[in-house]
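Chemist: Starting off with a structure, shown below.
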Amino acid sequence: MNALMAEHGAYDVARIRGDFPILGERVYGKPLTYLDNGASAQKPRAVIDAIRNAYETEYANVHRGVHYLSQRATDAMESARQKVRDFLNAREDHEIIFVRGATEGINLVAASWGRANLKPGDEILLTTMEHHSNIVPWQMIRDQTGAVIKVAPIDDDGALVMEELARLIGPRTRMVAVTHVSNALGTVVPIADIIRRAHAVGAKVLIDGCQAVPHIPVDVQALDCDFYVFSGHKLYGPSGIGVLYGKAALLEAMPPYQGGGEMIETVTFQKTTYAGLPFKFEAGTPHIVGAVGLGAAIEYLGSLGLPRIAAHEHELLAYATERLAALNAIRIVGRAPEKAAILSFTLDGVHPHDIGTILDREGIAVRTGHHCAQPVMDRFDLPATVRASFGLYNTREEVDRLVAGLARVQEIFRS
Amino acid sequence: MELRDLYQDVILDHSKHPRNFGTLGPPAFEARGNNPLCGDRVTVYLTLDGDRVADVRFEAKGCAISVASASMMTELIKGRPLEEVRALFSRFHAAVTAKNAPDAANLEALDGLAALIGVRDFPTRVKCATLAWHAMSSALDGSGTTVKTE
């Protein structure tokens, strides 16, 4: 921590909040307390300005025009690709495929890699804590190929049961698709260990990094993971843009996902030959300015330093966990030893939906529901939880407001 | 609009002590309602006596608004002619989804449901208040299918 501080100076959260125009908004006359970062993060001025600048000064379609603006827009988009590559420490720029979001990235791999590689009886291994977007695409390809889905369980704390996972990885395992951080519980999954075990039997691994990349530095080469996906909007960038990282050799061997412009080399009615990476997987005009905005978000995070952000959020999570645990009738759902920035809980006698409405009137934004992770809710026999998820701009005062809001909930429901 | 207008005592009371909670066996009509967004689930059971609701029960896992609305509904429709039940549902549905607040005459026509009108100012909660009613209506139509509000 001291070395970090020396490099960047102290983590000045008040100054950082000034980078996010929306944090000055008031909700029902109260200051906005935004604790729904796991659903989507707010945008710093650097991202908003980059988007405006792209539209105002360097916008045209990419990769085809010979004219000045087309070249500028192409350069801007490809420079964003390099930033993503650096961010993930990928070996090559063309291993970075721009997609709409993590959902599209997973669907792309399930459909393209899955159709080419899965045979009846082949196994896809998931975990209980996957987001629906890392379940449903695999069910779709299972139904098309006759593959089988296996599910590694979690324990009462919401940690992955590694012995069970190890037992489930076997000679028929072809794909292990697992989240890096659980969106409903905050559990950090030991993906390096999982990747080693999967590779030992020749299986490929896809990591859903949506909830991880805003908090944990990722090095896809050190991890040796085959596919890694994340969404831009959870990383303080725009929605509608996301990233699929894949090892070049795997991506090259995979058939295209969608057909159209940009992804071709030559087209006749008899035969089409496809473009090389990354364009083979980027049919149609991409979200050009979205990519530019994502690049700006990555640069912004770099300026703060991800390890410092992680340290700040870790401190907030510990503080919030301690304060909530001290409240009567609160049950924290997900107490894995390693967690990131997410605090899921229930309150005896009050449905999460009612808690969400009452907190909302206090200006506090939390998520209530099943968090697109119904198997997790079933595992804990809950219909829903309240989820507070922290971002780089949240403060201890905001945790105090959450605690005061919960006291208000209890007051209303006690009457 | 204050929170107290939404969480009135009568609503909290029904949510904590739901009336007519339970099931009815065959030949009762039965229909489920799901709100996939928040996980609210309600099942409504009812039997008919000619063109009247003879008995009605419900089971629910849900928020205070959806449970209270279901409970209040069962009290209101038990023993009532189907025609009145359908008319009450359409008045209630119109009132909670209308742009303008209901006037005194409309409130009067809502019987005991006026307490639920507060959801109008909480648009994300309107579907909680109407879930059981949609399920009841589907049970009456005999379609017995699962209703979703989203």
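Chemist: Once both axes come from the Cα atoms, what is the angle between helix A:352-361 and the longest principal axis of chain A, in degrees from 0 to 90, rounded to 10?
Modeler: For A:352-361 against chain A, the angle is about 80 degrees.
Chemist: Using alpha-carbon positions, what is the distance between the centroids of the range A:52-75 and the range A:108-160, in Å?
Modeler: A separation of 39 Å, based on Cα centres.
Chemist: Let me ask something else. Can you list the lysines whose alpha carbon is less than 24 Å from that of A:Lys247, not counting same-chain residues fewer than 8 positions off?
Modeler: Partners within reach: A:Lys83, A:Lys119, A:Lys204, A:Lys234, A:Lys280.
Chemist: Please state the relative contact order of chain A as a whole percent: Cα pairs under 8 Å, 6+ residues apart?
Modeler: Reported relative contact order: 23 percent.
Chemist: Do any trypsin sites (Lys or Arg not before Pro) in the range B:1-109 lie in a loop, going by DSSP, with at most 12 other beta-carbon atoms within 10 Å of their beta carbon, and if so which?
Modeler: Sparse-neighbourhood loop trypsin sites (Lys or Arg not before Pro): B:Lys99.
Chemist: While we're on this one: Could you tell me which of the pairs A:Lys30/B:Lys16; B:Lys61/B:Lys127; B:Lys99/B:Lys127 are separated by over 18 angstrom between their Cα atoms in the structure shown?
Modeler: From A:Lys30/B:Lys16; B:Lys61/B:Lys127; B:Lys99/B:Lys127, over 18 Å: A:Lys30/B:Lys16.
Chemist: Just tell me which aspartates and glutamates come within less than 14 Å, Cα to Cα, of A:Lys150; anything on the same chain fewer than 8 places away is out.
Modeler: Output for A:Lys150: A:Asp122, A:Glu123, A:Glu130, A:Glu164.
Chemist: Same structure, new question: What does the extension gain come out to for A:Arg91 and A:His67, with contour length at 0.36 nm per residue minus their alpha carbon separation?
Modeler: Full-extension gain reported as 5.6 nm.
Chemist: What length, rounded to one decimal in nm, is gained on full extension from A:Arg115 through to A:Arg52, with 0.36 nm per residue of separation minus their alpha-carbon distance?
Modeler: 18.7 nm
Chemist: Per DSSP helix of 4 or more residues, -39500 (n - 2.57); summed, then divided by the residues of chain A. What does that give at 222 nm, rounded to the nearest 500?
Modeler: Computed mean residue ellipticity for chain A: -12000 deg cm²/dmol.
Chemist: How high is the relative contact order of chain B? Use alpha-carbon pairs under 8 Å, at least six apart in sequence, and give a whole percent.
Modeler: 32
Chemist: Still on this structure, please answer the following. Percent antiparallel among DSSP beta bridges with both residues in the range B:3-148, to the nearest 5?
Modeler: 85
Chemist: Taking every DSSP beta bridge that has both residues in the range A:49-302, what percent is antiparallel when rounded to the nearest 5?
Modeler: 45
Chemist: Give me the Å³ per residue figure for the convex hull around the C-alpha atoms of the range A:49-302.
Modeler: Given the Cα convex hull of the range A:49-302, per-residue volume reads 118 Å³.
Chemist: Here is a further query. Could you please tell me the mean projected area of the C-alpha convex hull for the protein assembly as shown, averaged over all directions and given in square nanometres to one decimal?
Modeler: 30.5
Chemist: Within the range B:95-116, list the residues whose amide N lies under 14 Å from a label point set 7 Å along Cα→Cβ of B:Arg80.
Modeler: Those under the cut-off are B:95, B:107-116.
Chemist: Provide the percentage of antiparallel DSSP beta bridges, counting only those with both residues in the protein assembly as shown; round to the nearest 5.
Modeler: 70
Chemist: Let me ask you something else. How many angstrom separate the Cα center of the range B:92-111 from the Cα center of the range A:272-286?
Modeler: Taking the Cα centre of each part, the range B:92-111 and the range A:272-286 sit 56 Å apart.
Chemist: Positive end of the charge dipole of the protein assembly as shown (Lys, Arg +1 and Asp, Glu -1 on Cβ, about the Cα centre): tell me which of B:Gln8, A:Pro31, A:Leu118 has its Cα farthest that way.
Modeler: Among B:Gln8, A:Pro31, A:Leu118, the one farthest towards the positive end of the dipole of the protein assembly as shown is A:Leu118.
Throughout, read-outs are computed from the coordinates displayed, never taken from laboratory work. Source: prediction; values computed, not measured. Please note: Cβ atoms are built from the backbone with ideal geometry, for glycine as well, and neighbour counts cover all protein chains shown.
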